[in-house]
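Down below is the structure, laid out as structure tokens.
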Amino acid sequence: MPTRIVLCAREMHAPAWLEALRAALPDADLWWRDAAKLDADPLAPQADIAIVWRPPPALFEEQRRLRAVFNLGAGVDALLAMPAFPRDALLVRLEDAGMADALAEYVLAAVLRVYRGFDRYAIRQRDARWQAEVLRPRSNFTVGVLGLGVIGTAIARALAAHGFAVRGFARTRHTIEGVDCRAGDAEFASFLDGLDALASVLPLTADNRGILNRANLARLADGAHVINVGRGAHLVEADLLALLDEGKLGGATLDVFETEPLPADHPFWRRPEILITPHISAVTELEPSVAQIAEKIARLERGEAITGVVDLRRGY
Ligand code: GLV
């Protein structure tokens with residue numbers, strides 16, 4: 001029997017994904033379920049594998065025989081929050097698939113903008129103020145990378161290659177050339193202390209919700225900049241606004257928010273020190289994603305182990 005695969009995704013050009021997946025998995029029986037208009041249909045054909053991006057919870061009420069779920073993204077927090085998500089299925093997230101380079105580029109661009117003072121010049125321009133800043137050596141500008149998976153490691157390497165002083169933090173010890181890696185709760189405060197910029201790329205778990213809060217952000221250098229490309233729920237939004245108002249923090253570059261799209265009346269929109277991007281720091285790329293997923297499905301069919309499987313207890 002061919003492997004039965006349902007593709008259920010939002011914000012994607014379905015025909016192109018179906019064509020690429022069918023070419024990569026010629027023996028599979030593959031069909032599309034539109035994530036934007038899905039009601040659980042008790043008579044729907046049952047798939048062995050689901051390939052998903054932001055599916056509605058109803059997909060998992062409908063599909064009751066899934067052996068594996070492939071997420072077309074890195075973060076799986078939204079899937080794990082769904083009550084009907086099958087806990088006995090393998091949950092597999094994308095590993096890199098072009099996202100690491102894209103995120104390294106985004107964070108490097110944000111850090112360079114802050115380091116060269118472009119964000120401050122943009123604010124002064126509104127008042128026609130001609131005022132130069134003294135530029136510090138890059139080696140005196142310390143950037144922290146919170147989360148050192150494949151993506152965080154790529155970000156830390158890109159920053160270090162650019163001459164910035166880079167500190168990294170993860171729950172477990174990592175070794176990255178040119179990066180001062182700290183690990184575990186005991187070293188978290190010393191990781192944060194005096195950072196000029198902090199980039200968070202953490203996956204969202206029950207343990208790290210709200211980790212970018214007043215107590216932690218207050219440890220950064222005066223005037224520090226916060227970059228969030230992980231998940232919006234890591235940042236306590238009211239704390240960020242208060243620390244900006246108090247002049248403790250200098251600004252923020254935010255790609256992810258507690259509520260997305262960011263509501264039009266959200267105070268962040270009106271803060272010149274906050275640069276908002278609409279969750280675009282890395283988008284899922286068709287070719288490397290399809291190649292990665294097809295390869296993993298083939299391995300599973302041969303009974304081989306695959307990487308990128310989410311540990312449901314850890315949440316990533
Ligand atoms: C995007 O946010 C992702 O999780 O891949």
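The values are calculated or read from the model by the stated rules, or taken from the named source; none is laboratory data. Every value quoted in this text rests on a predicted model; they were computed, and no experiment measured them. Counting neighbours? That spans all protein chains shown, and the Cβs are built from the backbone with ideal geometry, glycine included. To get the accessible areas, we keep the full protein, side chains included, count just its heavy atoms, and leave off ligands, DNA and RNA. Shrake-Rupley method; radii C 1.70, N 1.55, O 1.52, S 1.80 Å.
Dipole check for the chain: with +1 at the C-beta of Lys and Arg, -1 at the C-beta of Asp and Glu, and the Cα centre as origin, the magnitude is about 500 Debye. Across S190, S200, the residue with the most accessible area heads the list, and the full order at a 1.4 Å probe is S190, S200. Ranked by solvent-accessible area (1.4 Å probe, protein heavy atoms only, all chains present), the residues V150, V229 order from largest to smallest as V150, V229. The modelled label-to-label distance for the pair A132/A242, using points 7 Å beyond Cα in the direction of Cβ, is 4.0 nm. Considering only V92, G75, A102, and ranking their Cα positions along the charge dipole of segment 47-130 that arises from unit charges at the beta-carbon of Lys, Arg, Asp and Glu, the one farthest toward the positive end is A102. If I fit a long axis through the Cα atoms of helix 286-301 and take the longest principal axis of the Cα atoms of the chain, what angle between them do I get, 0 to 90°, rounded to 10? Between helix and principal axis, roughly 50 degrees.
Using only side-chain charges placed at the Cβ, +1 for Lys and Arg and -1 for Asp and Glu, the dipole size of segment 99-276 relative to its Cα centre rounds to 380 debye.
Taking label points 7 Å from Cα along the Cα-to-Cβ direction, R171 and A186 give a separation of 1.8 nm.
Please compute the net charge surrounding E133, taking Lys and Arg as +1 and Asp and Glu as -1 over other residues with Cβ under 9 Å from its Cβ. Don't skip to the end; give the middle numbers.
Numbers: positive: R116, R120; negative: none.
Residues close to E133 contribute a combined charge of +2.
Secondary-structure-derived ellipticity at 222 nm for the chain, considering helices only, amounts to -8000 deg cm²/dmol, per-run term -39500 (n - 2.57) for DSSP H runs with n ≥ 4.
Which translational diffusion coefficient, to the nearest whole µm²/s, is obtained for segment 94-133 from the Stokes-Einstein equation, given a Kirkwood hydrodynamic radius over C-alpha pairs, 10 °C and 1.306 mPa s?
Numbers: Rh = 11.9 Å.
The calculation lands on 133 µm²/s.
Structural descriptor for the chain: relative contact order 16 percent, calculated from alpha carbon pairs under 8 angstrom and at least 6 residues apart. Report relative contact order for segment 99-276 in percent, whole number only (criteria: Cα-Cα under 8 Å, sequence separation at least 6). Relative CO of segment 99-276 lands at 17 percent.
How much length is gained on full extension from A291 to A84, taking 0.36 nm per residue of separation minus their Cα-Cα distance?
71.7 nm
W17 contributes about 20 Å² of solvent-accessible surface, heavy atoms of the protein only, 1.4 Å probe. Segment 156-186 and segment 69-137 have Cα centres separated by 17 Å. So if I take the centroid of the Cα atoms in segment 216-253 and the same for segment 258-304, what is the distance between those two points in Å? Segment 216-253 and segment 258-304 have Cα centres spaced 22 Å from each other. Across K248, K37, K296, the residue with the most accessible area heads the list, and the full order at a 1.4 Å probe is K37, K248, K296. The alpha carbons of the chain occupy a box of 69, 43, 32 Å along the principal axes, longest dimension given first.
Compute the long axis of helix 14-24 from its Cα atoms, compare it with the longest principal axis of the Cα atoms of the chain, and write down the angle in degrees, 0 to 90, nearest 10. Result, in degrees: 70.
Here's the picture: a label point sits 7 Å out from the Cα of R314 along the beta-carbon direction, and within segment 171-209 the residues with their amide nitrogen under 17 Å of it are 171-176, 182-185, 201-209. Simple spin-label estimate for T259 and A215 gives 2.7 nm between the two label positions (7 Å along the Cα-to-Cβ direction from each Cα). Give the Debye-formula value of log10 I(q)/I(0) at each listed q (0.08, 0.15, 0.17, 0.19 Å⁻¹), with one equal scatterer per alpha carbon of segment 99-276, two decimals each. Computed log10 I(q)/I(0) values: -0.23, -0.82, -1.07, -1.35. Of the residues G247, I211, I227, the one whose Cα sits farthest towards the positive end of the charge dipole of segment 191-303 is I211 (charges of +1 on Lys and Arg Cβ, -1 on Asp and Glu Cβ, taken about the Cα centre).
Its Cα centre serving as origin, segment 109-167 has a Cβ charge dipole (Lys and Arg +1, Asp and Glu -1) of approximately 80 debye. Helix 150-161 sits at what angle to the longest principal axis of the chain, using alpha carbons and giving 0 to 90 degrees rounded to 10? Roughly 30 degrees, rounded to the nearest 10. Could you tell me which residue out of L275, A128, C8 lies farthest along the dipole of the chain toward its positive end? Charges go on the beta carbon: Lys and Arg +1, Asp and Glu -1, centred on the Cα centre. My answer, from the dipole projection, is A128.
The solvent-accessible area of H266, taken with every protein chain present and a 1.4 Å probe, is close to 30 Å². Here the scattering of segment 1-81 is modelled by Debye summation over its C-alpha atoms, one equal scatterer each and no solvent; at q = 0.13, 0.21, 0.23 Å⁻¹ the log10 of I(q)/I(0) is -0.36, -0.99, -1.19. The simple Förster model, with R0 at 22 Å and r as the Cβ-Cβ distance, assigns E301 and E19 a FRET efficiency of 0.55.
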